[in-house]
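The values are calculated or read from the model by the stated rules, or taken from the named source; none is laboratory data. Here the structure is a predicted model, which is why all the values come from computation and not from measurement. Every residue, glycine among them, receives a Cβ derived from its backbone with ideal geometry; neighbour counts consider all protein chains shown. Areas reflect the complete protein model, heavy atoms only, side chains present, ligands, DNA and RNA absent. Shrake-Rupley method; radii C 1.70, N 1.55, O 1.52, S 1.80 Å.
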Amino acid sequence: MAEKGNEFSQERKNRLTAVFRTFDYDSSGCIECDEFLAIGKAVRGDEIWTEEKNAECMKRVDTDGDGKIDITEFISFFQMQGLADRSDRRFTALVNKYLAAAVAGRKCAPLISLRVRRWQCQS
């Protein structure tokens, strides 16, 4: 695993927490596989963000292996990606991109069969 990047400022943690809450469509306190799939498709597109890609990426972010991404895992993932070291302009651009994807994913989420998606992510 890559070495841990620099720590986020409190302001950046707050902004990432806002992104996390936007991704958490059902307000469960976790990003589940179906929510992650909707966001992935909104960011990358249907052809690129397959169910296999979704499961692979979920495993990288879901470090405790419970099938869900909690806020600690979410922030840690971005920290490991070096987001704390990016300029304010680049950080803001990335946050805005993910917020836009969350809104777009919300429109797609009702079309996803939650039962099938959760089964596939856990297998």
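Ser9 exposes around 60 Å² of accessible area when a 1.4 Å probe is run over every protein chain in place. In terms of packing, defined here as the mean over residues of other Cβ atoms within 10 angstrom, the peptides 53-60, 83-90, 31-38, 13-20 line up highest first as 31-38, 13-20, 53-60, 83-90. In the context of the full set of protein chains, the stretch 19-88 has a per residue accessible area of 50 Å² (1.4 Å probe).
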